[in-house]
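Trainee: Quick one: the structure is below, and I'll ask about it shortly.
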Amino acid sequence: MATEPEPEILPIHTPELFDRALRRAVELLRAGEVVAVPTETVYGLAANALDAQAVQRIFHIKGRPAHNPVIVHVADLAMARRCVAAWPEAAERLAAAFWPGPLTLVLPRAATIPPVVTGGGPTVGVRWPSHPFIQALIRQCGFPLAAPSANPASGLSPTTAAHVRKSLGGRIRLIVDGGPTQIGIESTVVDISSTPFRVLRPGMIHLESLRAATGPAGTWSSDSEPGPPGQPPRSPGLLGRHYAPRARLVVWVWHDDAELKARLAQVPLDQAPACHLIVYSRLPAGWPAERVSVLPRDPAAFARALYAELHRCDEAGASLIVVEAVPETAAWEGIRDRLRRAAS
Ligand code: TXA
Ligand code: MG
């Protein structure tokens, strides 16, 4: 059997290396190829958003269903406005408050955006990321980049180049290695193409700050469910099990070691030996060190570390991952959402 070719992996931690990776990525993208690149949230699998065939390759590599739209990444406001058919006051305010950064705005698509990008739908998700590499890349290319997270469909998003290599290595030519990503979970996706505005995917920018930014320019629905029953989902990527490790994941609350122990005693015997714990408030006594991760209690730091821990559990052959339930406050909204999806 022929072995899959290994991708080129180019680091960017010096100006020379950055420029070299940039030149190579531009060359491949201009030729209609797909390249894995770091963003501040997670690694993305990028292609020319104006080239339907190139975007088609992304779907093929990920095994992504054709109806699930991909986000278009831009490098300034003018480029964002060229991707959409309308730029309301709310878009102006949200962009001013959060761009460049982890926020995706869903708006009516411009005719230049091929239907494959939008999953055949009338809207397009646009984001101006803050990572310097993807910014330089978009500017050099001169076209926006369509990029979903660089993982097989419905799997866990990659926060390091090694994660990308492990899951997609044989299927892509180049991975640009920017080290671990800064934010660690995917962008907040908001639909402002109709009113009330709606959070389609929570993230580190939460509803309270979105409301504050739009002010009188719009009202927000406070439910983030994927649309009314019986109608097509507003965001197919939000349905079902998603953002999930291979292992079964559960989110538990426990008050002391005895309670944790009692709950664990009910875990089926075949899952018990490879049960990993992810905690942030206290370390259970006597738990084997190689099967527990203690994450920071701060939501930004927790988000930054979470996916790497889940990837690590999978690599270690975990069959069950028990995650300590996180606080119910707004700052943890995006994290609660991802844990819920991973556990579904
Ligand atoms: O942080 C991020 O958003 C990362 C980095 C690479 O930018 N990208 C990312 O893309 O997470 P992806 O494709 O894995 O997730 C995008 C989500 C999906 O749930 C998709 O359904 C939704 O955004 N989405 C994209 N365009 C949309 C649209 N026009 N209408 C509704 N939902 C949309
Ligand atoms: Mg994804």
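Trainee: Determine whether region 15-34 contains at least one residue that is more than 16 Å from ligand 2 (Cβ to nearest atom) and modelled with pLDDT under 95. Steps first, please.
Mentor: Quick first cut of region 15-34, residues more than 16 Å from ligand 2 (Cβ to nearest atom) only: 15-33.
From what's left, modelled with pLDDT under 95: none.
Looking through region 15-34, none of the residues is more than 16 Å from ligand 2 (Cβ to nearest atom) and modelled with pLDDT under 95.
Trainee: Go through region 37-91 and give me each residue that's more than 9 Å from ligand 1 (Cβ to nearest atom) and polar (S, T, N, Q).
Mentor: Within region 37-91, 48, 53, 56 qualify.
Trainee: Only residues that are of a type in the set (A, V, I, L, M), under 20 Å from residue 88 (Cβ atoms) and within 16 Å of ligand 2 (Cβ to nearest atom): list them for region 182-201, please. Steps first, please.
Mentor: At the first step, the residues of region 182-201 found to be of a type in the set (A, V, I, L, M) are 183, 185, 189-190, 192, 199-200.
Okay, now just the ones that are also under 20 Å from residue 88 (Cβ atoms), so 189-190, 192, 199-200.
Of everything in region 182-201, those that are of a type in the set (A, V, I, L, M), under 20 Å from residue 88 (Cβ atoms) and within 16 Å of ligand 2 (Cβ to nearest atom) turn out to be 189, 200.
Trainee: Also, I was wondering about something else. Select from region 278-293 the residues that are closer than 20 Å to residue 333 by Cα and surrounded by 15 or more Cβ atoms within 10 Å (Cβ to Cβ) and list them in ascending order.
Mentor: The answer is 278, 279, 280.
Trainee: Conditions first: (1) within 16 Å of ligand 2 (Cβ to nearest atom); (2) small (Gly, Ala, Ser); (3) modelled with pLDDT of 90 or more. Residue 258 passes all but one, so which condition is the exception?
Mentor: Exception for residue 258: condition (1).
Trainee: Condition test on residue 140, is it among the polar types (S, T, N, Q), more than 19 Å from the chain's Cα centre (by Cα), within 24 Å of residue 31 (Cα to Cα) and surrounded by fewer than 23 Cβ atoms within 10 Å (Cβ to Cβ)?
Mentor: yes
Trainee: Please tell me if residue 195 is in contact (Cβ under 8 Å) with a residue 60 or more places away in the chain and either more than 10 Å from ligand 1 (Cβ to nearest atom) or crowded, with 19+ Cβ neighbours inside 10 Å (or both). Don't jump to the end; show me each part of the working.
Mentor: Details: in contact (Cβ under 8 Å) with a residue 60 or more places away in the chain: no; either more than 10 Å from ligand 1 (Cβ to nearest atom) or crowded, with 19+ Cβ neighbours inside 10 Å (or both): yes.
No.
Trainee: Could you tell me whether region 109-129 includes any residue that is basic (Lys, Arg) and not in a helix (DSSP H, G or I)?
Mentor: Checked against the condition, which is being basic (Lys, Arg) and not in a helix (DSSP H, G or I), region 109-129 yields at least one hit.
Trainee: Right, another one. Please verify whether region 89-108 includes one or more residues that are crowded, with 17+ Cβ neighbours inside 10 Å, under 20 Å from residue 48 (Cβ atoms) and either among the charged types (D, E, K, R) or at pLDDT below 95 (or both).
Mentor: The answer is no, given that none of the residues of region 89-108 is crowded, with 17+ Cβ neighbours inside 10 Å, under 20 Å from residue 48 (Cβ atoms) and either among the charged types (D, E, K, R) or at pLDDT below 95 (or both).
Trainee: Just wondering, is there one or more residues in region 212-229 that are within 16 Å of ligand 2 (Cβ to nearest atom) and either modelled with pLDDT of 95 or more or of a type in the set (Ser, Thr, Tyr) (or both)?
Mentor: No, that holds for no residue.
Trainee: Moving on. So is residue 113 touching a residue at least 60 places away in the same chain (Cβ under 8 Å), crowded, with 24+ Cβ neighbours inside 10 Å, more than 16 Å from ligand 2 (Cβ to nearest atom) and more than 20 Å from residue 41 (Cβ to Cβ) or not?
Mentor: For residue 113, the condition - touching a residue at least 60 places away in the same chain (Cβ under 8 Å), crowded, with 24+ Cβ neighbours inside 10 Å, more than 16 Å from ligand 2 (Cβ to nearest atom) and more than 20 Å from residue 41 (Cβ to Cβ) - is met.
Trainee: Let me ask something else about it. If you scan region 241-289, which residues turn out to be hydrophobic (A, V, I, L, M, F, W, C), part of a strand (DSSP E or B) and touching a Ser or Thr at 6+ places or on another chain (Cβ under 8 Å)?
Mentor: The answer is 275, 277, 278, 279.
Trainee: Of the numbered conditions (1) under 18 Å from residue 209 (Cβ atoms); (2) hydrophobic (A, V, I, L, M, F, W, C); (3) buried (at least 17 other Cβ atoms within 10 Å of the Cβ), residue 300 fails exactly one; give the number of that condition.
Mentor: Only one criterion is unmet by residue 300, namely (3).
The values are calculated or read from the model by the stated rules, or taken from the named source; none is laboratory data. This one's a predicted model, so the numbers in the text were calculated from it and none came from an experiment. All Cβ positions, glycine included, derive from the backbone under ideal geometry; neighbour counts span all protein chains shown.
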